[in-house]
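This report refers to the structure that appears directly beneath it.
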Number of protein chains: 2
Amino acid sequence: MSEIFSKDGMFDMKIGILTIGNELMNGRISDTNASFIAREANQQGWSVEAIMSVGDDFAAIKNRLDYLLSMTDAVICSGGLGPTSDDITTEAIAKALNLPLYTDENVLNYIKAIFTQFNLRWADNNAKQALFPQGAEILPNARGTAPGFALSVNGKLIFVIPGVPAEAKLMVVNGVIPALRKHFPQDEKYIVKQTIRTFGLSEAAVDNQVKDIDFQSLGVSIGFYPVFPENHIVLIAQSKNLQEAQKNLQKAQDEVSAHVQDYIFAYGEQTLEEVIAALLIEKKLTIAVAESCTGGLITSRLTDVSGSSDYLERGLVTYSNAAKISMLGVPAEIIEKHGAVSEETARRMAEGVRKLAGTDLGLSSTGIAGPTGGSKEKPVGTVYIALADSQKTICRHYAYRWDRKRNKDIFSETALFLLKNYLQ
Amino acid sequence: MSEIFSKDGMFDMKIGILTIGNELMNGRISDTNASFIAREANQQGWSVEAIMSVGDDFAAIKNRLDYLLSMTDAVICSGGLGPTSDDITTEAIAKALNLPLYTDENVLNYIKAIFTQFNLRWADNNAKQALFPQGAEILPNARGTAPGFALSVNGKLIFVIPGVPAEAKLMVVNGVIPALRKHFPQDEKYIVKQTIRTFGLSEAAVDNQVKDIDFQSLGVSIGFYPVFPENHIVLIAQSKNLQEAQKNLQKAQDEVSAHVQDYIFAYGEQTLEEVIAALLIEKKLTIAVAESCTGGLITSRLTDVSGSSDYLERGLVTYSNAAKISMLGVPAEIIEKHGAVSEETARRMAEGVRKLAGTDLGLSSTGIAGPTGGSKEKPVGTVYIALADSQKTICRHYAYRWDRKRNKDIFSETALFLLKNYLQ
C-alpha cells in the first residue's frame, strides 16, 4: 500500500541544486534535472534547501555556488560540461574554489576511443571534457563522453554532472547518491509515504475537510497537489521505527479517508483510467462510449491503458444530430423536444451505444464545452453524463465553469468518476 | 504576421525569478513557470539573473528574496497563493518586507461571488486569498480565485503570482510584463518576434538545417522549443527602427522557411488543429474520423477548436474488429489476410467512415501504440494513416519508437499533419 523510501535517510542533511546554462536563463528549455535530483534526494530522506539556475558566466557561477555552500552540506551542479565554447562549468568551479585544472589521460583516451569506435571526426575542443579540478573524483558517464566529478571542500561535497537529462539522471542514481551516502554519517530513519487521489473537491475544500486531523501528533506531514481536475493528497510519515512509521501513516490515511471518502479514486499512483481498467477486468465487463461534447476524450483516456481492447469495444463521437439518430437510435423527436444537450438525449445515447456494440455497459456525454453554444437555461459548462447497463440507465447533470479545453477535461473526468463509482 | 513586443525594451534590467512550493523542493512536480517567465522576460530584452525555487517556509522565503533583491531590479515570485494552510507566500513576503496584511473587501466579495455563482460551498480559508501586504497593487487573475500583487520597495519591484501554470502564464503576460515596462525607464527599441511551428524534424535536425543561415548579420536571434511531438522555432529581431526590425525578421523567416518548408504547419501561435479548422472552413469540406490505435485522440483534438461541429460530422473509435467490420464495412477477409494493422485496413476504414457519415473526407488510423502487441514485422510504433475523398484514398506508413502515451500523441499529430498537407 505505502512505499518505503529509505531505512537510513538523514533528515538533517541539506542539499543544494545548481543547474547551469544560458538556455535555462532565457527560457528556451525548462529544467527537468532539478526536479529529478530533488526527488531522488528526497527519497533518501535528505532535504533540498535550495534549487537555483544560473547562466554560463564565471562570476555568477561562483556567486551562486558560494551562496549554496553557505546553507547546505552538498551541492549538485548540472550542465555546461559539453565541448563547445559556452560550456564553462568545470573551469568556473575550479576558479571558484581556487583549484588548478589537469587533464586526466585515462579519460582523454576513453573519449578518443569513442570517437574512433563510432567513426566520428576528432576536434580538439573535445579534449576539454578530460579536464578536471585538482582533487576531483571522476564519475563515469555511461551515456555520453563527458564524465562528471566530485570534490570535497571544507567538509562539503560538490558534484558536477552533465546537463543532458538522460546522462544526468543515470549519474545521479549511480554516482551522486551512492557517494553522498558514503560520505555522510547516517541516522537510521524510516520514511513512508502515501498518495491519495481525489476528484470532486477543490483544494480548499480538501484542506478544510481534513483541517481538524492532528497530523502533528502522528508525526505525519500532509501536502496538497492539484493536478487539474484532480486533487492529490500526499501523506509522509517518519520514524526511527519502520512499524511505527507505517502505523502512523495508516492512521493518518484512515482519518483522511473517513473525511473525503466519496472523492477518493486511488491510493497510490494509479490513474483514474487505470482504476477503471482494473475494475472492468475484475468484473469481466465490457463497455462502449458515445461522446458528444467530450469529442473522443473519454475514449482516448480509456485507451491510454495498455490492454484496453479487453474491455473497450468501441467509441462513437456523435457530433452531429444525424450521427446520434442514425448510429445510436436516439429518436429525432427527443432531440427536437429536449435538445441534443439534455438528460433524455444522454440516456438514449448510452443505451444506444450499449445496444449497438453489444457490451455490458454504455457510457455517454452530451454538453456545452464552449466558448459559444451556451444559453441561459444551459450555459457553457453544462454536461449530462449517462451510464446504461442491462437493467437501468443512470444520468447526472453537472455545471462547470472552465474554458473549452478544461471543460473537456473535467467532463471526461466526471464521466470516468461516475463509471468508477458504478463499478465499485 | 509578426508581433510587436516592445518599442522600449531596456537591456540592462535584471530579473530574478523565485518559484515557491514544497512540491518543487521534493521533486514532485517540475517547474515550468520559471522557464515561461524567463522566456517572456527575455523577449522583452531583459536579462534573467537568477532562477530559484524554495519550499513553503517563512525563513527560507525571506532569505531567498533578500538574496535575489540584492542582485536584481525586479523579482517575480510564483506559487503558494492557494487557500490551504501550506500556502504561506503572501504572509511570508509581508513578513520579509515588514509590511502588515489587510483584507481587500473588493477581492473578498469577488471570490465570494464566484462561489455563489457556481454554487460552491464557501469555506472560511478561502478568505485568505483576499489578504495582501500593505501597499500592494492587486493583479487580477482571469482564470482563478487567487489574485496576484505587485509591491514597490526601495526602487525595486516584487511581483507575486499564483503557481497554477495556466493562471501564472496569463498573469505574466497581462499583468507583470506591462507593469515592469511602466515602472522602469526605457530605451527606445523595437523587438519583433515570429514563431514557426514544425513537425517531423528533431530539434537537432532543425538546428542542422538552419546552421548556415547568418542570423547575426540580420540582428536576429533564433531559439528552438521542442513541444512534443512538435518543434517550434522562434525568431527575434531587435532594432531602434521598427521597419528595419520587421524587414530583418522577414528575411530570417524566409531563409528558415526555405530550409524546412515541408515541416512547417503554422507561422505564429496557431495549433495544428486550428490550422486544419481554418482550411476545412475555407474549403467548405466536412470530415469524419475512424480511429483504432489513437483511441479517439484525433477526434478529440479536432474538437478542441470551438466551432468544430461545422466540419466534423462524427468520429468512430473502432477498437474491436467487429466494430471495424459492422460499422465501417471493412471486409472480414481483409482483416484476416492483412491484419487489423495494415495499409488495406486503414484504407477501408477511411473509405468506410466517409461513406457512413456522408462527408467529403474520411481519416483513419490503425497501429500499435504498445507496450504490447508488437511483432517483428509490425513492431510497437507502427501506424498506418489513410485519408479518403470522393476520388481517391491515400495511405502512409510510419514507424515510431515512443511509449504508449507519446505514440498516441505522435500518431495523432501525423494524421493531422497529413490532413493539413492534403488540404493545402
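Here are the numbers for the structure shown:
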| quantity | calculated |
| --- | --- |
| The range A:143-256: C-alpha gyration tensor shape, a/c 1.5 cut-off, then a/b vs b/c | oblate |
| Footprinting exposure proxy for B:Phe58, A:Phe36, A:Phe132 (fewest neighbouring C-beta atoms within 10 Å first) | B:Phe58, A:Phe36, A:Phe132 |
| All-pairs Cα distance distribution in the range A:272-423, expressed in whole percent, bin size 10 Å | 13, 46, 33, 8, 0 |
| Listed residue pairs exceeding 19 Å between alpha carbons, taken from A:Lys355/A:Lys392; A:Lys337/A:Lys408; A:Lys355/A:Lys405 | A:Lys337/A:Lys408; A:Lys355/A:Lys405 |
| Ascending count of other beta-carbon atoms within 10 Å, so fewest first, for B:Arg347, B:Arg396 | B:Arg396, B:Arg347 |
| Proxy reagent accessibility, fewest Cβ within 10 Å first, across A:Ser35, A:Ser239 | A:Ser239, A:Ser35 |
| Length added when fully stretched, A:Asn174-A:Phe115, from 0.36 nm per residue minus Cα-Cα | 18.8 nm |
| Per-residue average of Cβ from other chains inside 10 Å of A:51-63 | 4 |
| Length added when fully stretched, A:Ala166-A:Ser309, from 0.36 nm per residue minus Cα-Cα | 48.2 nm |
| Cα→Cβ-extended label distance, 7 Å offset, between B:Gln216 and A:His338, nm | 7.0 nm |
| Positive-end extreme of charge dipole, chain A - chosen from A:Ala399, A:Ile88, A:Leu272 (charges on Cβ) | A:Ala399 |
| Most mobile of B:Arg121, B:Arg197, B:Arg143 in a GNM of chain B (Cα contacts under 10 Å) | B:Arg121 |
| B:His183 paired with A:Ile281, simple spin-label distance in nm, labels 7 Å along Cα-to-beta-carbon | 5.4 nm |
| Using distinct alpha-carbon pairs, which all enter the 1/r mean, Kirkwood radius of the protein assembly as shown in Å | 29.3 Å |
| Among A:Ala386, A:Met52, A:Leu65 - extreme Cα towards positive end, dipole of chain A, charges at beta-carbon | A:Ala386 |
| Fully extended contour minus Cα-Cα distance, from B:Ser202 to B:Leu99, at 0.36 nm per residue | 32.0 nm |
| Other-copy label distances relative to A:Gly339, 7 angstrom Cα-Cβ extension, nm | 4.8 |
| Amide H within-cut-off set for A:Cys77, under 5 Å, with H built and near neighbours excluded | A:Leu18, A:Phe159, A:Val160, A:Ile161 |
| Amide H within-cut-off set for A:Thr382, under 5 Å, with H built and near neighbours excluded | A:Ile368, A:Tyr400 |
| Distances in nm from B:Gln216 to the matching label points in the other copies, shortest first (labels 7 Å along Cα to Cβ) | 6.1 |
| Reachable lysines, given that their alpha-carbon falls under 16 Å from the alpha-carbon of A:Lys251 and they are not under 8 places away in the same chain | A:Lys193, A:Lys211 |
| Over chain A, volume per residue of the alpha carbon convex hull, in Å³ | 198 Å³ |
| Pseudo-label separations to other copies for B:Asn119 - Cα-to-Cβ vector, 7 Å, nm | 7.0 |
| Anchor A:Lys182: aspartates and glutamates whose Cα lies under 12 Å away (excluding residues fewer than 8 positions away in-chain) | A:Asp8 |
| Lysines with Cα under 17 Å of A:Lys189, excluding same-chain neighbours fewer than 8 positions away | A:Lys7, A:Lys14, A:Lys240, A:Lys247 |
| A:Asp262-A:Glu91 pseudo-label distance in nm [points 7 Å out on the Cα-to-Cβ vector] | 6.6 nm |
| The range B:290-307 - phi-based ³J(HN,Hα) in whole Hz, Karplus 6.51/-1.76/1.60, Gly and Pro as x | 10, 10, 10, 5, 7, x, x, 5, 4, 5, 4, 5, 4, 8, 6, 8, 4, x |
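We did not get these values from a lab; they are worked out from the coordinates using the rules stated. Everything numeric here is computed off the predicted structure, so don't read it as measured data. A quick note on method: Cβ atoms are made from the backbone with ideal geometry, for glycine too, and the neighbour counts reach across all protein chains shown.
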